[in-house]
Each structure stands twice: as C-alpha cells, then as structure tokens.
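Trainee: One structure coming up, written as structure tokens, with questions to follow.
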Amino acid sequence: MTPYESQLQGRLAPASEEAVEAVLACIAAIRPDSTPPAITEDLIRARTIDSIGFVELLFVLEERSGRAVDLEATGAERLHTVSGLAEQFFGTRGGDDA
Amino acid sequence: MNVHEIRDLEDGFDDVPEAGVSPFVKLFSRWEHQPWRALDVNLETDRATWQRLPSGLRAELHVAICELGAGDVSVTRLLLPLIEHAPDESWRLYLATQLSDEARHAIFFGRYYDEILSGQAPSNVAVTNHQEFDDSAYKTDFAPLLARSVAAAGESAASWHYASTMYHLVTEGVLGVAILKIGRSLGRNPRLLPGLAEGVAAVFRDESRHITFGRRAAMAALAQGHGDTIAEAYVTGIQAAARVMVGPSRAEVPLVGLPAYQRAQQRRARLADAGERAMRQAQAIGLPVTRRVLQDAWNAARDKAVVDYAEHWGHEHSLADAAQETATRPVLSSIPTIRRAGATMSSAGFRRSAVDGTPDVEHWLAVAARTSWIPLEHARYDLPATQACAQLMVPRATLDALLVDGMPSALGSDGQPLLDAHDVFNVALDAGWRRAVPVVGFRSAMRWLAAPIDELVTRRQWQVSIAGPQPAEVSELLIAVPDPERHGGCYVDAHARRAGPSADGVERVRIAADETLRGRATVRGNHTPIRAPEIRRAVDDLLGADLRWAKVPLTLQRCSDAIERLGYTTCVSTSARIATRLSAEGFEVTTHRGWLMGALANAHSWIEVRDEDGCVKVVDPILVLLRRRLEALERTVGSTLSIRGIPAPELLADGLLVNRVLSTTASYDSDLAVDASGTGRFVVSNFRPTTEDHR
C-alpha cells in the first residue's frame, strides 16, 4: 500500500491515480523533506511549497507532461492542489470520475 | 585619514616615469598621502559573521590569512639589510617607509588571526607577540630562500639586486598579489567581512608602491648590467612561489565529488593567474629571459610540489590533474550532473536539461559580483542548498563556488548551507539564466508589462480569494478589504462581509482562520499624464538613480536608504522616497497599498499626488523598473516577446494606473493581513480574470 493509497482508493480511476502519483512524485522531487500532501490540500496554504516552489513545480510538471498551462487564465488557485494539477497537466480530475 | 576612506586601489603598477621627478621621491610622496591604521580597523562585524560563514569559506580564508601574515612577518624581519645596503640614498629613504608598511600589515593580519580566526578577545597580543602562522607554506617553502638572499645583500650591488628581486618582484609582485587576490575575492562582500575588506584594500595599495619600487630598482639594475643576476633571482624565486601556491607541506582537507572538483578548479585558476602574472611582470621589466623559460620553470616547480605532496601525505594533491595537462579552463560538461534528492520520477531528461546550456561558473561569479546580498540583519537563512540549486537550475558545484565567493549562508543542523531565498531569487534574475525558476516565474508574471497602454487601462474583472495558512497559526485574520471604488471600480464580497477600521486605521474584513475571503473585483485603469515639472523630476531622478527592482524583505523595504545602498528599490521604498520628496515640496500626497493581480500575485504600493491641474495622479515608478528587468531578461534569453506597446518604459510611471492594481485603504508599508494583535501575517492571495459581469 502506497502512502497515498487511502486517499486514492475508491476516488480515482486508474488513469487518475497515475496522474496523481505523478504529481506527488514531482512534489517529492522538489521538496523531498515535505510531508506528502492530501490531494485536495492547498499546497501553498499548507506551506508545502512557496510561490517560487509553485513555479518550480509547474516547470517540472510541464516537462513531465509535455503540456503547458496558461496560469492566469486557469487561475493559480486551481493549481494549488494535487488534484487540480493532475487535472490540468494529465487531463483527469482526481476524485471526480471515480 | 580615516581608514574607512581607504578605497581598494590597485593603482601604482604603472612604471611610467614622470619628467623631472625621481620615481622614488614620488613613491615617498604617495606613502605620505596614503596612511592607514591597522589597529583602528573595526573587526566587530567580522567577528560576528565568522562563525556563520560556510566551513569551506572559513578554511580558504584561514589559509589566505596565514599566508599573508607569514609573508608580512617575514618581509618585515628581512627588510632591514635591504635598507642598510641600498645603493642610493633616495632608495634608502623610500625603503624606510616600506618597513613601517610591512609592520602595519603584519599587525593587521596578526590581529585578524587572533581576533577572528582564533576567536580571542581584542588585545595588543598582535602588536607584542608576532603571530607565527604555523600553517603557512610560505614560511616553510619560501622564507628560508628569501632570508639567505637578503643576508647576502651587503656583499655587492649584484647581491643587493638579487635580494631585492626576490623580495619585491617575487614575494610581493607574484606571491603577495596572488594571495591578496584570494583574500580580496573571499572577503570582498563588505557586509560580511568589512574589516578584512578594508584591511586587504589598504594592504593592496601599499603593496602597489612596493612593487613599483621593485620594478624601478630592477630596471635600474638592468641598465647597470645586472640582467643575468636579476633573471637568475627571478627564475629561482618564481619556482619557489609556484611551490608555495601548491603548498606541499600543508595537508588539504579531504573532499570528494563535486566539492573536490570545484576546489581543484579554483586552485588551478589561481595558480594559472599567478603564473601569468609572473610572465607579464618579467616582460614589463624587460628581463633577459624568455617567456618559455619562465613558463617551464614555473610548471616544473609546480609539478615537483605536487609529486612531493603525494609522497609526503600519501594521496594526490587537488592540483594533480593540472600537473598532467596544460592549465585550461574546465568545461562544464565535465562536471558531474547533480542528482536531485528524491527524484524518483522518470526525469533523466529533466536532470540533463538542468545542466545543458547552463551558464558556467565564471558567469555566475561575475553576476554575483554585481548582486547585492540581503544584509545579515534582514536576511533569513532557511532555504536549503538543494532547493537553491533546484531554483537556480545549477549544479551544486556552481552554488558552492558562489558560497566560497561570498554569497551569504548559514550552516544548517545537517552541516549543509542554508541561504536567503531573496538572495537566490535576485542572483537568478541578475544572471538571466532562462531556466532558473525565478526567471521563469518573473517572465510569466510580468509579461503583461509588454502590453500597450490601452490594454492596461480597460475595465477588467477578477475573482478574488485570500486565505491564511493551513494549519492555522492564529484564530482569525483581518484582511485589508479591496477598495477599487476610488478609481471607478467596485468590489463585491461573496458573503457580504462588512469591513471596519482596524487599529491601524485600515478598513479590514475579519475572517476565521479556516475561512477564505472571496469576492469579485472590477477595476479600471486610467492614464492621465503628469503635468507638474516637480513631480516629473522626482520620478525622473528616481528612475535615473541606477537602482533596480529586487525581491527584498519587507523590513528592509521600509528602510529606503539601506535598500538603495544595495542598488535596489521596491514599490515600498520608491513610494516612500517620492512621497517624502513631493510632500516636502508642498504637494498633497497619499500612499497606498494593495495587490498587483495576476497569476502570481504580489502586494504592491504606489503613491497618488494632486497635480497642478487639480487632478489626483497615480505615480507608480516601480512598474518602470519591473519592465526594465523584463526587457533585460527577454534580451538575455533571446525571447521573441515583443514589447507591443509603451515604447518608452518611463510612460508606465506617467500617471498610469493599471487594471491589475487592486487598491485597499492601507498605506504603502502596511501589512495587508494582520492578526488580532496587529502583527503582519502570511496569506495566500489568488486572482483570476473573469468575464462574468457582476455589476
């Protein structure tokens, strides 16, 4: 059982689980000492990352997914959660399509 | 002359004679006009800073101070025979001044060793008991040679010139300058080690006189037929100097991996620099010996010292590679790539791209020389080095080079450096490295500054959400309520909260710690050019003051003078500066604070002033400096972003209110979010443009 299994179980389709795992892996990569976040937690309010870390995370996700996101049009707040990032970068919304 | 007036001068290396003036009298005159006091150099800040320096930097400085101290103690003791047997009275008089210089240097470095390196209380120990500098390679590998030559200085004119060459041209002209340059480089951040910076600058200036004397004396000797003697002394001397630069009698601190590579790189560069200096000096004097002979002598001595080191200590010297090849500038591709901790994702491409095309170490060091670091009293060293590397997109070796070069840091509990996030951000912007995270973020967040004015003043609607951290740090927050009405906009709170004045007079909305303030704002920009020449002059003066925008802690932003001394300014400090000036000139001025809305929102300050036409105009010069930053970055990265409007960035400060400014009733240096006690609090602000009309 992965550390996030309880969050993911029964809430995500398999493809979404992969997307969330990918986002979580990116967060772990840039903030290896941080506590794994809940998928709906605001990463900045929780101080998992700061504003520069947020840009860094988007940067990593863009490289990983090959997809760019218009930050202003999307609204940064939507991208402050793992589920929001998974949706924007990997095309599924965590929890919505379970 | 106050020692604080001393500037770091490297003049005096000129050998151009002045008609009708004895060069030695000229040197004497310079000495009379350039006094300083070794005992008056203030070392208090150095003492406080020393233990906060990275251990690698401390070790490097320790070696440099020891070599400088040992050298000055040695030359002080050995100068007397040169004075006594000088072949000319004017030379003797000048050399007498040099004796006092050398004593002053010995005392300064003795003080530094005792009070800073050894942590002793200030005392007169450095004056009464010369520090022996037992760690010195100079003491073991050069001083005996110099002592023998000086002891024979009275035997003949040739012997005197042999000793003088060894003393002035090699000890001071090659070795002394090389080590002083190390000390100057390591201690050049005047806010970190101001005492060392002052002392080294003063010593540098003194040494420039001494070396000039040595060159003059050597040229006189050449004219008198002592060329072979001087050439022999010089070749012998630079071989000993190369040996000191390697330091076979001093064990190196063992390092592995990137730190070892970086140290070898630095030492190789310093050694090559010293060697090149030796060659150039010989050429300048007209020494009858070819560059090839000198280069071979230098390299042979270097190689011998490296071999001796390995035999003595049982492991290779960090310069072992240099002994195997021509000293060439290392290429970045040979630096091992840094592996990000915890990089479990399949990100090989990412790691590789973080290095490919990265500016080299020399570029970063050149940038750092222009970057001002946040002063210690305002800095917060809490950004781990691994994160700093990730933000700068550089290998750890590059960051280590910056740290050794003086970028401030503190040691974390794990022994790893911690940096100030503002410093990392600012050096990234100064470097303009397109992949550095701050550069990516800045370019993304400030792209709108390239838009035409008409796009910046149209009516625009934004969704607003502001919330405190989770878990909550306090039970409730008071948020400065958006107040765009003054500029023809409106704000509607999603929950119809009512604002009221808080203790600081700012209209605030009270929200529970777990609540989010949500609302919709309509803002209108406007552009009403400034008329009064006094207002224009105030703006022009500020924009012409060679200041650049930087990310700076709010505590420092409130000190306009302090931040401007760094060459920086922000919206807070520009507001303070211009408001103070215009108020003094009789204008009606108010300062304001709110948000600069966008994907990456920032708190923002500006002023509003009643112009001579009776209209209140917005004066927001920081937009100009942000635009200059943006333009510089776009140029550096070779971007195709076109600056579509506002051909002259200065127009951004000409009565322009942009439709991204969300004002409040707070003044320029207020906290936008406070707790019940009035203490400023961290909040996360989000703004998203929307087309939903809520009016």
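Trainee: How many residues does the stretch B:90-117 contain that are under 14 Å from B:His168 (Cβ atoms) and of a type in the set (Phe, Trp, Tyr)? Can you show your working first?
Mentor: Our first condition is that a residue be under 14 Å from B:His168 (Cβ atoms); within the stretch B:90-117, this holds for B:91, B:94-95, B:97-99, B:101-102.
Subsequent filtering for residues that are of a type in the set (Phe, Trp, Tyr) retains B:91, B:94.
Adding up the residues that qualify gives 2.
Trainee: Oh, and also: Test B:Asn42 against the stated conditions and say whether it is loosely packed, with under 14 Cβ neighbours inside 10 Å, modelled with pLDDT of 70 or more and more than 23 Å from B:Asp420 (Cα to Cα). Spell out how you get there, then give the answer.
Mentor: Numbers: loosely packed, with under 14 Cβ neighbours inside 10 Å: yes; modelled with pLDDT of 70 or more: yes; more than 23 Å from B:Asp420 (Cα to Cα): yes.
Against the criterion (loosely packed, with under 14 Cβ neighbours inside 10 Å, modelled with pLDDT of 70 or more and more than 23 Å from B:Asp420 (Cα to Cα)), B:Asn42 qualifies.
Trainee: Moving to a separate point now. Restricting the first residue to the stretch B:428-448 and requiring it to be in the same structural domain as B:Ser372 (by TED's automatic domain parsing) and part of a helix (DSSP H, G or I), which pairs with a second residue that is crowded, with 19+ Cβ neighbours inside 10 Å and of a type in the set (Phe, Trp, Tyr) meet a Cβ separation below 8 Å and a spacing of at least six or different chains?
Mentor: Partner pairs satisfying both residue conditions: B:Leu429/B:Phe442; B:Ala431/B:Trp364; B:Val437/A:Phe59; B:Pro438/B:Phe425; B:Val439/B:Trp433; B:Val440/A:Phe59.
Trainee: Take the stretch A:17-34 and flag every residue that is among the β-branched types (Val, Ile, Thr) and more than 8 Å from chain B (Cβ to nearest Cβ).
Mentor: Of all residues in the stretch A:17-34, those among the β-branched types (Val, Ile, Thr) come to A:20, A:23, A:27, A:30.
A:Val20, A:Val23, A:Ile27, listed by residue number.
Trainee: Which of (1) modelled with pLDDT of 85 or more; (2) at the interface with another protein chain (Cβ under 9 Å from one of its Cβ atoms); (3) assigned to a loop (DSSP other than H, G, I, E, B) does A:Pro37 not meet, given it meets every other one?
Mentor: (2)
Trainee: Continuing with this model, one more query. Check the stretch B:293-314 and report whether any residue there is over 27 Å from B:Ile211 (Cβ atoms), free of Cβ contacts under 8 Å to residues at least 24 places away in the same chain and surrounded by fewer than 14 Cβ atoms within 10 Å (Cβ to Cβ).
Mentor: Yes; the residues of the stretch B:293-314 include at least one that is over 27 Å from B:Ile211 (Cβ atoms), free of Cβ contacts under 8 Å to residues at least 24 places away in the same chain and surrounded by fewer than 14 Cβ atoms within 10 Å (Cβ to Cβ).
Trainee: For the stretch B:464-513, give me the residue count where each residue is more than 23 Å from A:Arg47 (Cβ to Cβ), of a type in the set (Val, Ile, Thr) and within 41 Å of the chain's Cα centre (by Cα).
Mentor: 2
Trainee: When the stretch B:76-96 is examined, which residues are found to be of a type in the set (Val, Ile, Thr) and out of contact with any Lys or Arg (no Cβ under 8 Å at 6 or more places or on another chain)?
Mentor: Kept after step one, since they are of a type in the set (Val, Ile, Thr), are these residues of the stretch B:76-96: B:76, B:83.
Passing the criteria: only B:Thr76.
Trainee: Output the number of residues of the stretch B:274-295 satisfying the condition of being within 19 Å of B:Arg184 (Cβ to Cβ) and either among the polar types (S, T, N, Q) or modelled with pLDDT under 80 (or both).
Mentor: Result for the stretch B:274-295: 1.
Trainee: Can you find a residue that is surrounded by fewer than 20 Cβ atoms within 10 Å (Cβ to Cβ), more than 14 Å from chain A (Cβ to nearest Cβ), charged (D, E, K, R) and free of Cβ contacts under 8 Å to residues at least 24 places away in the same chain anywhere in the stretch B:372-383?
Mentor: yes
Trainee: For the stretch A:64-79, how many residues meet the condition of being surrounded by fewer than 16 Cβ atoms within 10 Å (Cβ to Cβ), facing chain B (nearest Cβ under 10 Å) and under 15 Å from the mean Cα position of the chain (by Cα)? Let's see the steps before the verdict.
Mentor: If we filter the stretch A:64-79 for residues that are surrounded by fewer than 16 Cβ atoms within 10 Å (Cβ to Cβ), which is where we start, we get A:66-68, A:70, A:73-74.
Next, only the ones that are facing chain B (nearest Cβ under 10 Å) stay: A:70, A:73-74.
Narrowing the set further to residues that are under 15 Å from the mean Cα position of the chain (by Cα) leaves A:74.
Of the residues in the stretch A:64-79, 1 are surrounded by fewer than 16 Cβ atoms within 10 Å (Cβ to Cβ), facing chain B (nearest Cβ under 10 Å) and under 15 Å from the mean Cα position of the chain (by Cα).
Trainee: Quick check on B:Ser573: is it over 25 Å from B:Leu449 (Cα atoms) and either of a type outside the set (Lys, Arg) or modelled with pLDDT under 95 (or both)? Outline the logic, then answer.
Mentor: Working: over 25 Å from B:Leu449 (Cα atoms): no; either of a type outside the set (Lys, Arg) or modelled with pLDDT under 95 (or both): yes.
Considered against the rule, which asks whether it is over 25 Å from B:Leu449 (Cα atoms) and either of a type outside the set (Lys, Arg) or modelled with pLDDT under 95 (or both), B:Ser573 comes out as no.
Trainee: Can you tell me which residue among B:Ile453, B:Ile466, B:Ile563 is among the β-branched types (Val, Ile, Thr) and free of Cβ contacts under 8 Å to residues at least 24 places away in the same chain?
Mentor: Matching residue, one of B:Ile453, B:Ile466, B:Ile563: B:Ile563.
Trainee: Within the stretch B:577-599, is even one residue basic (Lys, Arg) and surrounded by 21 or more Cβ atoms within 10 Å (Cβ to Cβ)? I'd like the intermediate steps shown before the answer.
Mentor: Initially, the stretch B:577-599 is screened for residues basic (Lys, Arg), giving B:577, B:581, B:593.
Subsequent filtering for residues that are surrounded by 21 or more Cβ atoms within 10 Å (Cβ to Cβ) retains B:577, B:593.
Among the residues of the stretch B:577-599, at least one is basic (Lys, Arg) and surrounded by 21 or more Cβ atoms within 10 Å (Cβ to Cβ), which makes the answer yes.
Trainee: Would you check if there is a residue in the stretch B:475-487 being surrounded by fewer than 19 Cβ atoms within 10 Å (Cβ to Cβ) and either in contact with a helix residue (DSSP H, G or I) (Cβ under 7 Å, 6 or more places away or on another chain) or part of a strand (DSSP E or B) (or both)?
Mentor: Yes, the stretch B:475-487 has at least one match.
Trainee: For residues in the stretch A:45-62 being within 7 Å of another protein chain (Cβ to nearest Cβ) and not in a helix (DSSP H, G or I), which is surrounded by the most Cβ atoms within 10 Å (Cβ to Cβ)?
Mentor: Among those that are within 7 Å of another protein chain (Cβ to nearest Cβ) and not in a helix (DSSP H, G or I), it is A:Arg45.
Trainee: Give the residue, chosen from B:Thr522, B:Thr569, B:Thr516, that is among the polar types (S, T, N, Q), closer than 30 Å to A:Ala46 by Cβ and buried (at least 16 other Cβ atoms within 10 Å of the Cβ). Walk me through how you get there before you give the answer.
Mentor: Working: B:Thr522 fails: closer than 30 Å to A:Ala46 by Cβ; B:Thr569 fails: closer than 30 Å to A:Ala46 by Cβ.
The conditions single out B:Thr516.
Trainee: Does B:Leu419 fit the bill of being outside any loop (DSSP other than H, G, I, E, B) and within 14 Å of another protein chain (Cβ to nearest Cβ)?
Mentor: On the way: outside any loop (DSSP other than H, G, I, E, B): yes; within 14 Å of another protein chain (Cβ to nearest Cβ): yes.
It is true that B:Leu419 is outside any loop (DSSP other than H, G, I, E, B) and within 14 Å of another protein chain (Cβ to nearest Cβ).
Trainee: Additional query: Return the residues of the stretch B:380-415 that are assigned to a loop (DSSP other than H, G, I, E, B) and modelled with pLDDT under 80; say none if nothing qualifies. So that I can check it myself, show each step before the final result.
Mentor: The first filter runs over the stretch B:380-415 and keeps only residues assigned to a loop (DSSP other than H, G, I, E, B), leaving B:380, B:393-395, B:405-409, B:412-415.
Selection gives B:Asp405, B:Gly406, B:Gly412, B:Ser413, B:Asp414, B:Gly415.
The values are calculated or read from the model by the stated rules, or taken from the named source; none is laboratory data. Worth saying up front: this structure is predicted, and the values here are computed from it rather than measured. Glycine gets a Cβ as well: all are built from the backbone with ideal geometry, and neighbour counts include every protein chain shown.
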